[in-house]
Amino acid sequence: MSFVEHSAAKAGKTAYPVLVSGEVSNIFKTSKQRRKKLSSRSDKIILDLHGMTKQHALELLEKSLPTWIDQAMKGDHPYVLPVDIICGGGSQLLSEVVANWIRNKPQVANRPKGYL
């Protein structure tokens with residue numbers, strides 16, 4: 001691949017701000033009032049996957065999800081927890097892994113703008 005072809009390729013995301021829901025039915029039920037309430041929460045989680053192999057990153061995501069769901073359920077309605085998953089730059093392999101993981105988890109959704 002030439003430099004021109006490489007620079008035109010779509011770069012992956014370096015971070016994925018997501019919402020984890022204790023109740024799958026609530027993952028997309030949002031309102032301005034709830035956005036404001038969630039944005040003031042101090043329990044946002046940051047998971048940094050920098051430097052991990054794809055396998056190790058997936059294992060850590062799978063291991064973390066039940067804990068996040070539990071934390072979401074201990075919070076207020078709509079039982080949603082903001083999580084930042086950091087995968088960094090580089091070859092974007094982890095970005096692809098994280099994007100696929102999010103797509104395959106009904107309890108996880110990309111966080112809309114306005115949520116912190």
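The values are calculated or read from the model by the stated rules, or taken from the named source; none is laboratory data. All values derive from a computational prediction rather than experimental measurement. FYI the Cβ positions are ideal-geometry reconstructions off the backbone, even for glycines, and counts take in every protein chain you see.
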- The one condition Gln55 fails out of (1) modelled with pLDDT of 90 or more; (2) within 18 Å of Arg103 (Cα to Cα); (3) in a loop (DSSP other than H, G, I, E, B) is (3)
- Starting from residues that are hydroxyl-bearing (Ser, Thr, Tyr) and touching a helix residue (DSSP H, G or I) at 6+ places or on another chain (Cβ under 9 Å), keep the ones in the range 74-116 and report whichever is modelled with the lowest pLDDT. Tyr115
- Query: Could we say that Lys29 is part of a loop (DSSP other than H, G, I, E, B), under 17 Å from Gly89 (Cα atoms) and either modelled with pLDDT of 95 or more or charged (D, E, K, R) (or both) here?
  - Reply: no
- Item | Subset of the range 45-89 [in contact with a strand residue (DSSP E or B) (Cβ under 8 Å, 6 or more places away or on another chain) and β-branched (Val, Ile, Thr)] | Ile45, Ile46, Ile69, Val80, Val83, Ile85, Ile86
